[in-house]
Structures are given as C-alpha cells and as structure tokens.
Amino acid sequence: MNIDKPNKFIVIDVETTGNRPRDGDRIIEIGLAVVDNGQVMKTFSSFVSCDRQIPSFVSRLTGITENDIIDAPSFSELAPSILEDLDGACLVAHHIDFDLQFLNNELVAAGYEAFRGHMLDTVEMARMLYPALDGYRLPSLAEQFNLSHENPHRAGSDAEVTAHLLLLMLKKMYTLPHVTLQQLEACTSDMYKGLQLCVYDAMKMARTRHQKNDSAYDIYQDFALKKQTDTRTEPKASIAFNAENFFGTNGALASVSSSFEHRNGQVDMSDHVYACFADAKHLIAEAATGTGKTLAYLYPAVSKSREKNRPVVIATETVALQQQIKDRDVPLLEKGLDLPIEATVLKGRSHYLCLQKFAHFLEQIRGTRQASYDEQLSTAQILIWLTETETGDVEELNLPNGGYALWDELKSDPESCTHSNCTFFSRCFYPRAKDNARQADIIITNHALLFTDHFQGTRTLPAYDYLVVDEAHHLEEAAGRHLGATISYQHFMRLYNQFGVQEHAGLFADISVLIDRHFTVVSADWLRERKQELQSLHHEWNQLFIALQSAIVKKDKRQKSDVYIPEDVVNAHVFDVWKRTEAGGSDVIRAWRSFIRTFKKEALVPAEETLLQKVNTLCNDLEEAQKTLASLLTSEEKNEVYWAESDANKRPDRLRLYRRPINISEQLADEFFSNTKSIVLTSATLTVKGSFQYTIDQLGLTNAQPECLQLPSPFQYEKQAQLLVPEDFPEIRQDGEERFTEAAAHFLCSLTSRVNGRMLVLFTSHQMVKDVSQMIKPHMQDLNYSLFAQGVSGDNRSKLVKQFRSHERSILMGTTTFWEGIDLPGEDVRALIIVRLPFAPPDDPVYMAKAKQIEADGGSAFSRLALPRAVLRFKQGFGRLIRTKRDRGLVFVLDKRLIQARYGKVFLRSLPTLPSLFAPSEQLLARAEEFYHGGKRP
C-alpha cells in the first residue's frame, strides 16, 4: 500500500505486567513498526527482562512466561535503537496513553529524556474516520478491515497490524473531499498533534486535485454529502402470493439461499397473514424461535403493498430488529422474488441531523465558542459521516459520551426544518426520509413512533391500512409510556444550560453579538434582565424539587420508587413554590417570544435566523416541560398512577416524576385497533400455557375477535437441550438472600469446568448481579474465565455481548435487557442459567396499580397479572439458548419454585417438551459433565 506522502511514523506496542508503571509495573515485550513513505519498512519485537513477576492473568492473555524474559535484553539495552528510529518521527500507538506512559517510564529509568515529539493515537483516528463502527478495539478493527492479526496481545503482532491500520486510515484521509478536510481543521485542535498534521497535509494535497476528488460527492454549502441515487422503478410490478411456491422445498427462496431450511410453520404463518390482510382481520401469531417469522410476514406484506399501491408498516420495539429487517431479510426477499423492494426505516424527527444547525455550530466553533474534546471529535465524525450516510440517522453513529449532548443541539425539529427558511431543505434528511416512506413498499419503524403518529396526529407516517407489529409482547408497555408523562430536575437543568447563562460562548453570548449588530432594536440592559430572570427561575426550580423530594420521597434507600397522589403532595408550601416556578417560566417564554417577533422584522443573515429558531425551539421545549410538570402535580385521573424516583442518596437533583395509565385496553381498542383494517401482532412469546387470553385482555382485543395462531419451534428440544433444577438450593424467603446469592456464586464457579465455554446468566435483580459478580470475580483467574457483568463491567449491552463473544471461556451476567433481543447461536452460549423466576418487583408502581385494580374487581392479581407476565419473560429468557437446529446446551433454573410451587407447572407447560432433572446440585454437575464431555447427545 503506497501513500504519496513522505511522513515517518514509528508504531509501538508494549506488553506489561500491569497497567500502573508508577506502582512498579514494567514492560515485558516491545514491538515496533517503522512506516515511511507510505510503506511498512521495518518491524521488530523483543522480550524485555525486568524485576517484576508476571501475573498469571497476563501470562494467560499474552502467552508470555517468566522463562521468556530470563535471558531477554533489558530496556536500557534496547533504548538506543528505539530512539534512533524515533528521531524525527511521529510516535503512533493504539491507545497511546497506555504505551506512552510505559515507554517514557523506561526511558527515564534508563537515563534518557521522555519522548516529547508528535504523537498519533490510532483509536482517536479510527473513531474520527470510521464513525459508524461498533467498536475500536484492535482485534475488531483488524477483523473489520481483513488485516492479518495472528497473535493478538503480542507486541510485535499488535504493532504491525496497527501500522497497516494506520496506512489504511491515511489512505482514506488523503481521498477525502477538500471541503471536508477544510472543515476538519477547525475541530481537531484538541486531538493529538500527529493527527492534526495528517489532516493539514491531506488538505494541502487535496488543493491540487480537489475539483476532481470532490466531484464524487454532492458539494453543497461547504459540505460534502454522499450523492443520493434514486433507485425507484416505475411502474412497480405486482407480486403474486403463493406461500408454498415461495417457501417450499423447491421454492423460490430455496433456489437463492444456501442456508434455506423448509419450515412448515413459515408457510402456515405467511398464509395466515395474507388471509387476514385480505379479510381485513387482526391476527395474533406466536412464532417460536426458528420459525422464520420475519420473512413469513414480509412476503405477504410486500404483495399487499403492490396490490394496493400503499405502503405496509412494520413496527418493532428494538433498533436491532429494524436493522436486521432492512439489512438482512429484505435483501433475501428481493433475491427470492427477483425484484427490487423499496423498504425504508422511518424514525422520529430527533433521530435526524439538521444540516442548518450543524452549519451554525461549525460557524460558532470557528468563532468564539470553545468546543470540548467530545464536541470536537463528534463534529469530525459527523463531517466524515456526511460523505457516507444516506439517512442522517444518529443511530448509525458511535459518538463519544459528550457527543449525545451535542446531538440535542443538532437534531432536526419543526422550528429549524421548514421549507421557507432553510437553505438546506433540498438536502434535509428528515423530509427525505418521509418522502422515501411515501414511495416505499415497506416502512420499518418503531413502536414509539407508531403511537406518537397515531395518538398525537403528527402524520409522520403516510396513510396505511395494514400493519405488522413485531416484538408485540412490548406493545402494551410502549403504549403506556407514550400515553404517560415524565419530567426530571435534570431536564430543567438541560434547558437552563442550553441558554448558556453561565458560559462565555453559549446562546447568550451569540445573542449579545446579535444585539450589538442591531443595537437600535434591543438594548444590552434587556439581555441583562433576561439573565437575571433565568437565574431566578433556576433558583425556583431548585426550591421546587427540594420541596417535592421532601413531600414525596421516603427515606428508605432500598425503595426505588414512591407512589404519590397529586392532591396529597401539592400542599401549601409545594403549591406556592410551583406557582412561582410556573409564573417565572411563563415570564421567560413571553419575553423571548417578544424578542423573536421584534427581530423577525429586521433584515437578518442566515446565521441570525438560525439563532432565532434555536431560541424559539428552546421556548417551545420550556413550555412543554412546564405543561408536563403541571400534569404531574395537578391532574389526577383514576386510571393513572403517579410516582417519583431518585438515586440511592435521595438527592433532589436526581428526582424524576412519572405518570402512566393503569389500563389501556379500552383506549387501544377504541382508538388504535379499530382505525386500521388489519393488524398482525407477532412475537415468540404471546401465550401462557398455550392460551392467548392474557395478551388479548391486555391489548383490548376481546371484541375484535382476532385470529390466533401458535406455531411451534422446528427445533428438536428433546435432543438439543435439557432443563436442570437443583433441589438443594436455598430459598430466599426461608433462608435469606445472602445464602441464596452465595449458593448461586458457588454453583456458577463449579459449573465452569463442566461447560468449558460461554455461559449466559440471567438475573432479576441488579443488586444480585453485583453481589454474585463480587463473589466469583476473585476465582476467575484460577478458573481461566472472563467475567462480564451488567452494571459492573459496563451498561452497554451490545459492547458487553461483543466482549463476551470474543472470549471462549466467559460468563455474561445481566438483568432485564439480556432476557431477550440478543442472538447467541452455536458456541456463543453453551449453558443458560436462569437465577430466579422473573416475577415483576412487587414495588413496581404500574404493577401495584394494576394489581390493586384487579383485586378491586374481585380477581386474583397473581394469576391474572404476575404469573402471566413472569411466564412470558421466562419464555424470552429460555429462548436465548437454542437459536439454530445445530445448537445444543443446558438450561439451569436455580429457583426450585419451578418444580415445587403449584404455579411452576404453568411455566413448564409454556416451554417446549424437553428432558428435565430435579436433583441435588452435584448430580446436575455430573449431568453437565456427561452432556458436554461424554460424547452423548441428550
């Protein structure tokens, strides 16, 4: 790989005894690669002797032992050669802070000066140039770009692959359009100098050929955007429907898919969906894992769309499923039909970038605004992303933590996105997304947008008559969230901070400049009054949330939430503070809207118009927040529950108020299901003990009399899995949670040697995850296992799953979100451990209110609510183990209520038939030994 730039880079990687050189940790291996004139000119690696013992976990990770470094040279012996290579070069490393501290520590110890030259971090560079990647670990990047990486965690191999990664990134940078490189200069000032120089050099080179290079992009208003291609074919061909011909053994799909498997359930479901569309009926379809339900509903949906020349809407709860449908299932459907299908993902407005706001932000950071490091990196990422994205959807980006606060400033909103006052409207992502939806065969969206569009009449979605709701077991909760409300102290603080009262380069500073330019319109004294007004409102907000905290929140730190009745909370003191807050907020809004009306009469430049739009949006947001707060303090509907949550220390600045409807079945029946010709509800978990009644009752479908279809899994669970329950485990009610937690930790440690692979452990309590993690973590090194625990190793599910999959011997422990939506086929999970039956927490406010309502009507809250919910969740968790016909594994349920309690049979009858064993723990461990290592299939 050649790059026409004579820059010299020295890539270094070190393996060490730990991560704290100041505490005596030392280098045990160093790798080096010299990159010059666009080529890897030299590679070198050596063990390094040291007086520090190599910990066992380092030896397991790297393969380096004490014997390897006994006769190795010391760092002082290697230093002259390393310094010769470093002379006049830019030092490069992946996570350079780590390598640099060890390198400088050793240089100083050997009598040399610390390295002070130019540096470049390939993590930082990769984040900037590849903003859509899931992660930036070196093995992940090597896999992404097909770079040979034979010995991860060895210094020589890591240095060499980092060198090739650097060349790849330099090549990309030197082919960026000239206008993008110009914009990048303004947002790399806080990045490593080596990266800044690379951007500058690339820009200089681009000047000589930027006309040629930029022609590949849509250059508009100093942005380089990806050219949009119109792939629509008119007129669209009709699609005849025949499920057997399409999904059959010798059907159309079999001829184009090497992994095709004929599944009777897939044919059956597809026929039912088509028939319900034709007869204008609703359908509830439980399709067990492996049925192929997505293609089963996509095929009739596309056929109906072409027949009616209107889009069919597919709504899911999770982003992951939306992307799977768009990126995997629709292309497969196109192959089977041998026709192009127009499928588009449509999300809420805030998912899309506003180019006008982004241009204004760039103008600010080139001027007086001092952008933070995260803002600079995010800006650079967005500039690169604009050359690649077709959607402008933030879900494509992997922003740093601070980048999401910036996104709140840059996202599309009704004020900034109107045809009349936006110079970017012709390139705007949100109107384009809506236009694509109108032309599409299939619109893929989420439950939240579905309800926003339906109940608020936003008309984001074009008119439709046919709807498929996937992950339908979430539908009631999603509707409840939408029909409820929430507000927090932090929300009001974000609004306050967006005004920039305390900043030298925020909104107030920009408005001050505007007033200076138009000094005859508004005086500087007016702006000072507004600042005092906002500071006074800030004080009232503080007082209000202190009063609310005192009135609502109990002192019991174990209690996560506190239910309240608005009329009981708003006593004289709270009422007075709230009224002062409400009046102060109204004064702020009134003053700023008058300001906007006054300035709209002036001749303004585009940047000044954008500033007014920003102020107007902020006023609208503040007004909406005030209305929401009022609804949480004054409204009291019988069918609603109100509660508050705070942190463990019960701090007022962490207070959040909630309101949710208790029963939405009538509202869904009257306003949702009755307004659409045919709705298909599907999921892998909709029945309890073979009955759909719970789902029908919760969603208000009794009078609609929907068709019901339950499709069994094509998997042979009796041969692929076993269910094992220990009979000697403690019971929390009798023996206490501490004894149960200790037993669970001991059992997991004992199980590792039998499984010798990945284990997924599902909990119902965050605290128990932390407690078990703390108990087993000291044993992980000796067991040669890696541990990843939600809330301990991190909270990002996708990152934890990726780390889990990258280690052959690992344990992943998680709560709610890990019970569903993660696909871990084959060896990705060898054993599934369900720690407790997943009953809802008894102090959950919505559950308590529903239970109270059921009991008041003479029903049993346990049998009509708690048990069905737990069974559906249990089925979701159980489904994490067997994902394909080739998978096999064991399910351990550490809660013997599954066998001993009367209601345990309801759980068992909701599972597929499979062998089970209720026996002492030692006997279960022996069964596991036989299952995994005895060469026998269950």
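The values are calculated or read from the model by the stated rules, or taken from the named source; none is laboratory data. Computed from a predicted model, the values in this text were never measured in an experiment. We place every Cβ from the backbone using ideal geometry, glycine too, and count neighbours over all the protein chains shown.
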Segment 161-222: helices (runs of 4 or more DSSP H) wholly inside it with 1 or more residues that are over 24 Å from LYS8 (Cα atoms) and either polar (S, T, N, Q) or touching a strand residue (DSSP E or B) at 6+ places or on another chain (Cβ under 6 Å) (or both) are 178-185, 210-214
If we ask which residues in segment 734-772 are acidic (Asp, Glu) and in contact (Cβ under 8 Å) with a residue 12 or more places away in the chain, their number turns out to be 3
Checked LEU170, LEU138 against criteria (in contact with a Pro (Cβ under 9 Å, 6 or more places away or on another chain) and at pLDDT 90 or above); the one match is LEU138
Quick count over segment 170-197, residues being under 28 Å from the mean Cα position of the chain (by Cα) and surrounded by fewer than 17 Cβ atoms within 10 Å (Cβ to Cβ), is 2
> Regarding LYS850, is this residue within 30 Å of TYR642 (Cβ to Cβ), touching a residue at least 60 places away in the same chain (Cβ under 8 Å) and in a helix (DSSP H, G or I)?
Replying inline: yes
Would you say ARG809 is surrounded by fewer than 21 Cβ atoms within 10 Å (Cβ to Cβ), in contact with a Gly (Cβ under 8 Å, 6 or more places away or on another chain), in contact (Cβ under 8 Å) with a residue 12 or more places away in the chain and of a type outside the set (Ser, Thr, Tyr)?
yes
If we keep only residues of segment 853-889 that are among the β-branched types (Val, Ile, Thr) and over 26 Å from the mean Cα position of the chain (by Cα), then the residue nearest to GLU640 (Cα to Cα) is ILE854
Residue within segment 342-351 that is surrounded by fewer than 19 Cβ atoms within 10 Å (Cβ to Cβ) and more than 30 Å from LYS236 (Cα to Cα) present: yes
Segment 232-339: helices (runs of 4 or more DSSP H) wholly inside it with 1 or more residues that are more than 30 Å from SER910 (Cα to Cα) are 243-247, 264-279, 293-308, 330-337
Counting only residues that are of a type in the set (Val, Ile, Thr) and surrounded by fewer than 20 Cβ atoms within 10 Å (Cβ to Cβ), segment 578-620 contains a total of 5
The condition of being touching a residue at least 12 places away in the same chain (Cβ under 8 Å) and crowded, with 22+ Cβ neighbours inside 10 Å holds, among LEU397, LEU377, LEU339, only for LEU377
Next item on the list: Assess whether PHE57 counts as being aromatic (Phe, Trp, Tyr), over 16 Å from SER157 (Cβ atoms) and buried (at least 20 other Cβ atoms within 10 Å of the Cβ).
Entry: no
Filtering helices (runs of 4 or more DSSP H) wholly in segment 345-439 for at least 1 residues that are of a type outside the set (S, T, N, Q), in contact with a Phe, Trp or Tyr (Cβ under 7 Å, 6 or more places away or on another chain) and closer than 20 Å to LYS227 by Cβ gives 355-366, 373-386, 429-439
Just a yes or no: is a residue in segment 863-877 among the β-branched types (Val, Ile, Thr) and at pLDDT 95 or above? yes
By residue number, the members of segment 428-454 that are more than 29 Å from LEU339 (Cβ to Cβ) and touching a Gly at 6+ places or on another chain (Cβ under 9 Å) are CYS428, ALA448, THR452
Going through segment 313-335 in order, the residues found to be in contact (Cβ under 8 Å) with a residue 60 or more places away in the chain and crowded, with 20+ Cβ neighbours inside 10 Å are VAL313, ILE314, ALA315, THR316, GLU317, GLN322, ILE325, VAL330
Of the candidates GLN667, GLN626, the one satisfying the condition of being touching an Asp or Glu at 6+ places or on another chain (Cβ under 9 Å), touching a residue at least 24 places away in the same chain (Cβ under 8 Å) and part of a helix (DSSP H, G or I) is GLN626
Residue hits (segment 317-335; farther than 16 Å from GLY292 by Cα and in contact with a helix residue (DSSP H, G or I) (Cβ under 7 Å, 6 or more places away or on another chain)) are GLU317, VAL319
Note: among LEU362, LEU397, LEU355, LEU386, just one is more than 19 Å from ALA433 (Cβ to Cβ) and of a type outside the set (Asp, Glu), namely LEU362
With criteria (1) surrounded by 19 or more Cβ atoms within 10 Å (Cβ to Cβ); (2) farther than 24 Å from LEU612 by Cα; (3) under 22 Å from the mean Cα position of the chain (by Cα), CYS354 comes up short on (2)
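The rows are residues; the columns are (1) part of a helix (DSSP H, G or I); (2) modelled with pLDDT of 95 or more; (3) of a type outside the set (S, T, N, Q); (4) not assigned by TED's automatic domain parsing to the domain that holds ALA919.
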| position | (1), (2), (3), (4) |
| --- | --- |
| ARG733 | yes, no, yes, no |
| ALA744 | yes, yes, yes, no |
| ARG754 | yes, no, yes, no |
| LEU760 | no, yes, yes, no |
Q.
For the structure I just gave you, tell me whether GLU855 is in a helix (DSSP H, G or I) and in contact with a Lys or Arg (Cβ under 7 Å, 6 or more places away or on another chain).
A. no
The lone condition LYS554 fails out of (1) part of a helix (DSSP H, G or I); (2) basic (Lys, Arg); (3) out of contact with any helix residue (DSSP H, G or I) (no Cβ under 8 Å at 6 or more places or on another chain) is (1)
Output for Cβ contacts, cut-off 7 Å, separation at least six or different chains, first residue within 14 Å of LEU544 (Cβ to Cβ) in segment 642-656, second outside any strand (DSSP E or B) and polar (S, T, N, Q), reads PRO652/GLN549; LEU655/GLN549; LEU655/SER646
GLU106 vs (1) in contact (Cβ under 8 Å) with a residue 24 or more places away in the chain; (2) among the acidic types (Asp, Glu); (3) surrounded by fewer than 17 Cβ atoms within 10 Å (Cβ to Cβ): all pass except (3)
The residue that is farthest from HIS766 (Cα to Cα), considering only those in segment 629-664 that are of a type in the set (A, V, I, L, M, F, W, C) and in a strand (DSSP E or B), is VAL641
A careful count of residues in segment 81-111 that are closer than 17 Å to ARG22 by Cα and part of a loop (DSSP other than H, G, I, E, B) gives 2
Looking across segment 456-514 at residues that are part of a loop (DSSP other than H, G, I, E, B) and of a type in the set (S, T, N, Q), the single one that is nearest to the chain's Cα centre (by Cα) is THR460
